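Report on the structure given below.
The values are calculated or read from the model by the stated rules, or taken from the named source; none is laboratory data. Owing to the predicted nature of the structure, the values given are computational and were not obtained by experimental measurement. With ideal geometry, Cβ positions are generated from the backbone for all residues, glycine too; neighbour counts draw on all protein chains shown.
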Amino acid sequence: MDVYEVDPLVDPRWKDLQQRHPSSSVFHTRGWLEALRRTYGYQPVAFTTSPPGSELTNGSLFCQVSTWLTGRRLVSVPFSDHCSPLVSSSEELASVLNYLQRDLEQQHWQHIEMRSLESQRLTLAGFHKSRTFHFHTLDLRPGLDELFRSFHKDCVQRKIKRAEREAVVYEEGRSDSLLANFYHLLLLTRRRQGLPPQPLTWFQNLVGCLGDALTIRIASKDGRPAAGILTLRHKRSLVYKYGCSDQRFNHLGGTQLLFWRAIQEAKRDQLDELDMGRSENDDYGLVTFKNRWGTTRSTLTYWRYPAGHRGSHYRAWAVQVSKRMFTHMPDSFLTTAGRLLYRHVG
């Protein structure tokens, strides 16, 4: 099959494809791609076997990441948890991947990375496992009472009741004040983790580009923000993307209240699934937190062509050194580091 390139930000056929394809996610949408372009300069491109002028029946989405620090690569797609190819057959995907593998050297790409939930097709296409994560989803089809009973009794149910008893205030929306509170909590959280925060402009662009598909949820106590989560909505799924908190208020159950209100809202709108996203395999605290919501846990695999050569020991050492450095940076230096570094991460 011949393969053609499509600009998903311009070609009207892309929106039609991602709206009707069962494997599409919020990370396939123009809103997410436009926020990536505005913030980091990444140019999205989709590869398809559908000729120009015909209906777009399939498409494999990537962003072209090109920086002086980390080189040139195709990623499907940056800062997403997953982005499956929108295809209907293994033959369509094989045609695209063969095309990209032939094009790799000519275009001087260092590698291609796929973040697909349907990885069995990639094992036959010359791709190699790059990284694995835990991936959690919650089935929202049972009734609210049944869902609540499935939560961990002490660590979720009682925390929700504690937050309600303590009169923790819940707010949601996309206002500048909510975003400011969310970013304040994010800075606290990333410092605890030894990591710089994502640029504020990233979240501003997400709000501007995704509109009512994005919701910021803040829990406050006595006028002080205690916890925040950012969720995205696409078709019949609600996606938990970012979370943060002030650990001085963690005992009040603000985070648990935020998730419970998000679940209640999703049930009201007849959504089918809460996508709780990926977790690093060694992030035992986050994995345990997600397990306690009655979720289903699976393995999410990232695939790469050609196979990488950097050793895991070097990466682990580099991460530990950077964490110690970021933990002690002043806020202004930490936010500047995030603004400068994230473009190179992709």
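Checking the condition farther than 30 Å from TYR4 by Cα, of a type in the set (Asp, Glu) and in contact (Cβ under 8 Å) with a residue 12 or more places away in the chain, which residue from GLU164, GLU118 passes? Before you say what the answer is, go through the steps one by one.
Working: GLU118 fails: farther than 30 Å from TYR4 by Cα.
One residue alone meets the criteria, GLU164.
Is it fair to say LEU69 is closer than 23 Å to PRO199 by Cβ and surrounded by fewer than 20 Cβ atoms within 10 Å (Cβ to Cβ)?
So LEU69 fits the description; yes.
Would you check if THR132 is closer than 30 Å to LEU86 by Cα and either in the same structural domain as ARG236 (by TED's automatic domain parsing) or hydroxyl-bearing (Ser, Thr, Tyr) (or both)? Give the derivation first.
On the way: closer than 30 Å to LEU86 by Cα: yes; either in the same structural domain as ARG236 (by TED's automatic domain parsing) or hydroxyl-bearing (Ser, Thr, Tyr) (or both): yes.
Yes.
Quick one: how many residues across the range 44-73 are within 22 Å of ARG339 (Cα to Cα) and at pLDDT below 95?
Going through the range 44-73 one residue at a time, the tally reaches 10.
With the requirement that a residue be buried (at least 16 other Cβ atoms within 10 Å of the Cβ) and among the charged types (D, E, K, R), what does the range 277-303 give you?
ARG278, LYS290, ARG292
Could you list all residues from the range 73-98 that are within 19 Å of the chain's Cα centre (by Cα) and aliphatic (A, V, I, L, M)?
LEU74, VAL75, VAL77, LEU86
Is there a residue being out of contact with any Lys or Arg (no Cβ under 6 Å at 6 or more places or on another chain), more than 28 Å from ARG343 (Cβ to Cβ), surrounded by 22 or more Cβ atoms within 10 Å (Cβ to Cβ) and touching a residue at least 60 places away in the same chain (Cβ under 8 Å) anywhere in the range 265-276?
Checking the range 265-276: at least one residue is out of contact with any Lys or Arg (no Cβ under 6 Å at 6 or more places or on another chain), more than 28 Å from ARG343 (Cβ to Cβ), surrounded by 22 or more Cβ atoms within 10 Å (Cβ to Cβ) and touching a residue at least 60 places away in the same chain (Cβ under 8 Å).
Show me the helices (runs of 4 or more DSSP H) found entirely inside the range 1-109 where at least 1 residues are small (Gly, Ala, Ser).
So the answer is 30-40, 90-107.
Given the conditions (1) under 25 Å from the mean Cα position of the chain (by Cα); (2) not in a helix (DSSP H, G or I), report the number of the one that ARG192 does not fulfil.
Condition (2) is where ARG192 drops out.
If I ask for residues that are without any contact (Cβ under 8 Å) to a residue 12 or more places away in the chain and either among the aliphatic types (A, V, I, L, M) or not in a helix (DSSP H, G or I) (or both), which ones from the range 331-346 would you list?
Across the range 331-346, the qualifying residue is only LEU340.
Restricting the range 304-330 to residues that are among the basic types (Lys, Arg) and either surrounded by 15 or more Cβ atoms within 10 Å (Cβ to Cβ) or assigned to a helix (DSSP H, G or I) (or both), which is modelled with the lowest pLDDT?
ARG315
Kindly indicate the residue of the range 1-41 that is buried (at least 21 other Cβ atoms within 10 Å of the Cβ) and aromatic (Phe, Trp, Tyr) and also nearest to GLY208 (Cα to Cα) among those meeting that condition.
So, considering only residues that are buried (at least 21 other Cβ atoms within 10 Å of the Cβ) and aromatic (Phe, Trp, Tyr), the one nearest to GLY208 (Cα to Cα) is TRP32.
Taking VAL75 as the residue in question, decide whether it is assigned by TED's automatic domain parsing to the domain that holds VAL45 and under 17 Å from TRP32 (Cβ atoms).
yes
Search the range 225-259 for residues being polar (S, T, N, Q) and surrounded by fewer than 21 Cβ atoms within 10 Å (Cβ to Cβ), and hand back the single one that is nearest to CYS209 (Cα to Cα).
Of everything passing the filter in the range 225-259, SER237 is nearest to CYS209 (Cα to Cα).
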